[in-house]
Amino acid sequence: LDNQFSEQLRRYTPLTYDGTHLLVELPQYYLPGAWKDMISAVRDRGYIPVLAHPERYGRILQQEEFLQLARQEGVKYQGNVGSLKGFYGKSAAALAQTFRTCQLYEWWGTDSHNIAMANRIPLKT
């Protein structure tokens, strides 16, 4: 969800989980002012927005109880297994555990962008 998002959504058919659920991601350190409009644009196109790894947006989550507002806007959540295992730091791990306990997540993913990254993620318990 950045400056190019609305244009990209308008111009291209996005990849989805199942033709319905569209995975979206926030910029790392700020909440775009038009995030609600972007979420609405996703819904207006007939998709259900799924926010990737909310536990990794520590600073953003402190703004206006973002997760509750986003849920009211129809957003679902995908947790990151690496976060749960501490791969992205202690605060992300703690938030991931809290969100897991609260049953916030509908899905889990690895955020692996390539095989080398996948091999580094601690998936074994």
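Of note:
- Meets criteria (touching a Leu at 6+ places or on another chain (Cβ under 6 Å) and modelled with pLDDT of 85 or more) for Tyr88: no
- Test result for Arg59, basic (Lys, Arg) and at pLDDT below 85: yes
- Entirely in the stretch 28-125, the strands (runs of 3 or more DSSP E) that have 3 or more residues that are out of contact with any helix residue (DSSP H, G or I) (no Cβ under 7 Å at 6 or more places or on another chain), surrounded by 16 or more Cβ atoms within 10 Å (Cβ to Cβ) and in contact (Cβ under 8 Å) with a residue 24 or more places away in the chain: 48-52
- Residue match in the stretch 55-64 (condition: within 18 Å of Pro14 (Cβ to Cβ), more than 16 Å from the chain's Cα centre (by Cα) and among the charged types (D, E, K, R)): no
The values are calculated or read from the model by the stated rules, or taken from the named source; none is laboratory data. Here the structure is a predicted model, which is why all the values come from computation and not from measurement. Counting neighbours? That spans all protein chains shown, and the Cβs are built from the backbone with ideal geometry, glycine included.
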